1. For the chain, calculate the relative contact order in percent as a whole number, restricting contacts to Cα pairs under 8 Å that are 6 or more residues apart.
2. What would the Debye equation give as log₁₀ I(q)/I(0) for the chain at q = 0.17, 0.19, 0.20, 0.21 Å⁻¹, counting only Cα atoms as equal point scatterers?
3. Return the lysines within reach of Lys15: Cα separation strictly under 27 angstrom, same-chain partners fewer than 8 residues apart disregarded; answer none if there are no such residues.
4. How would you order 97-109, 75-87, 121-133 from highest to lowest mean count of nearby Cβ atoms within 10 Å?
5. Run the dipole for the stretch 2-141 about the Cα centre, Lys and Arg Cβ at +1, Asp and Glu Cβ at -1, nothing else charged, and hand back the magnitude in debye, nearest 20.
6. Would you work out which of Gly61, Pro143, Thr111 lies farthest towards the positive end of the dipole of the chain, given +1 charges on the beta-carbon of Lys and Arg and -1 on that of Asp and Glu, about the Cα centre?
Amino acid sequence: MRIAIASDHAAVDLKAELREYLIAQGHEVADLGPDTADRVDYPDYGYKLASVVADGTVQFGVALCGSGIGISIAVNRDPACRCALVGEPLSAALAREHNDANVIAMGARLTGPDMAKACLDAFLSTDFGGGRHAGRVEKLSHPAF
């Protein structure tokens with residue numbers, strides 16, 4: 001799979017570990033930064049990640065910041081992205097199965113490397129269930145305000 005990963009400064013170490021984990025599993029990984037722990041703004045990296053998911057450059061995205069909240073909000077600004085903030089594997093699997101999430105978000109200050117890897121495994125190994133969920137997912141990309 002083609003996967004993009006991005007973070008803010010608080011999650012740069014987790015990003016590096018997850019990037020190597022994904023590469024070791026045979027995935028093609030685009031690291032969108034940052035490369036250092038120097039302070040950056042998570043929206044910049046969330047928007048960059050959303051862009052490559054939305055245009056089809058990658059199949060999935062991994063968004064990381066201190067809590068996972070800020071970067072997930074940034075990614076979800078793009079109507080083509082369905083970013084789910086998760087902290088354990090069941091939520092990661094349900095995000096794919098029920099919501100057809102194409103981006104997973106996690107907080108480096110809240111989720112350790114082993115749990116983050118378990119979440120990634122669940123996310124990437126679960127297919128969208130379709131059926132009764134399909135119409136709901138369609139509404140997420142085309143809201144009727």
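1. Answer for the chain is 23 percent.
2. -0.85, -1.06, -1.18, -1.31
3. By straight Cα distance, Lys15 reaches Lys48, Lys117.
4. Taking the mean over residues of other Cβ atoms within 10 Å, the ranking is 97-109, 75-87, 121-133.
5. That gives a dipole near 440 debye.
6. The one lying farthest along the dipole's positive direction is Pro143.
FYI, it's all coordinate maths here, none of it is from the lab. If you're wondering where the values come from, they're calculated on a predicted model, not measured in any experiment. Positions of Cβ are backbone-derived with ideal geometry, glycine not excepted, and every protein chain shown enters the neighbour counts.
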